[in-house]
1. Any idea how many residues of the stretch 29-83 are in contact with a strand residue (DSSP E or B) (Cβ under 7 Å, 6 or more places away or on another chain) and either of a type in the set (Val, Ile, Thr) or over 18 Å from Phe5 (Cβ atoms) (or both)?
2. Quick one: count up the residues across the stretch 37-88 that are under 10 Å from the mean Cα position of the chain (by Cα), aromatic (Phe, Trp, Tyr) and under 19 Å from Val21 (Cα atoms).
3. Quick one: Glu66 ticks every box in (1) surrounded by fewer than 16 Cβ atoms within 10 Å (Cβ to Cβ); (2) in contact with a Phe, Trp or Tyr (Cβ under 7 Å, 6 or more places away or on another chain); (3) more than 15 Å from Phe13 (Cα to Cα) except a single one, so which number is it?
4. For the stretch 63-83, enumerate the residues that are under 19 Å from Tyr36 (Cα atoms) and of a type in the set (Lys, Arg).
5. Please state which of the following conditions Gln87 fails to meet, knowing it meets all the rest: (1) more than 13 Å from Phe13 (Cα to Cα); (2) not in a loop (DSSP other than H, G, I, E, B); (3) not basic (Lys, Arg).
6. Mind counting the residues in the stretch 10-67 that are touching a Leu at 6+ places or on another chain (Cβ under 9 Å) and assigned to a strand (DSSP E or B)?
7. Going through Phe43, Phe5, Phe13, Phe50 one at a time, which residue ends up being touching a Cys at 6+ places or on another chain (Cβ under 8 Å) and among the aromatic types (Phe, Trp, Tyr)?
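Derivation of every value follows stated rules applied to the coordinates shown; laboratory data play no part. Note that the coordinates shown come from a computational prediction; the quantities given were computed from them, not determined experimentally. With ideal geometry, Cβ positions are generated from the backbone for all residues, glycine too; neighbour counts draw on all protein chains shown.
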Amino acid sequence: MKKTFYADDDFIFSYEEEGDVILLHCVVGKWSLGVYKRTLPIFNTFLNKFKEYKIISISPNPKFCELFGAYEIDDLGNGIKVMKWAQG
């Protein structure tokens, strides 16, 4: 079941728990530097809350994921990448 961690008019962080894996979903309505600056601390809170989990996303926009510290772990083809979120 998908749960919302954060949502506003520009950005939604939601996730699903699958055992020791978190499937992170990011939906961007409007992107700007201001949105990035506003959501980065919220995203870091998310990573800290789930630091015991492996956090992954399946993304059609891996460059966006890389902005938040994710890296590619698999290529599904057609520009779709499996990304693992770096946790510190």
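1. Selection size over the stretch 29-83: 17.
2. Of the residues in the stretch 37-88, 4 are under 10 Å from the mean Cα position of the chain (by Cα), aromatic (Phe, Trp, Tyr) and under 19 Å from Val21 (Cα atoms).
3. (2)
4. We begin by selecting, within the stretch 63-83, every residue under 19 Å from Tyr36 (Cα atoms); these are 63-71, 83.
Scanning the stretch 63-83 gives a single hit, Lys63.
5. Result: Gln87 fails condition (2) only.
6. Adding up the residues that qualify gives 9.
7. On the way: Phe43 fails: touching a Cys at 6+ places or on another chain (Cβ under 8 Å); Phe5 fails: touching a Cys at 6+ places or on another chain (Cβ under 8 Å); Phe50 fails: touching a Cys at 6+ places or on another chain (Cβ under 8 Å).
Of the residues listed, the single one that is touching a Cys at 6+ places or on another chain (Cβ under 8 Å) and among the aromatic types (Phe, Trp, Tyr) is Phe13.
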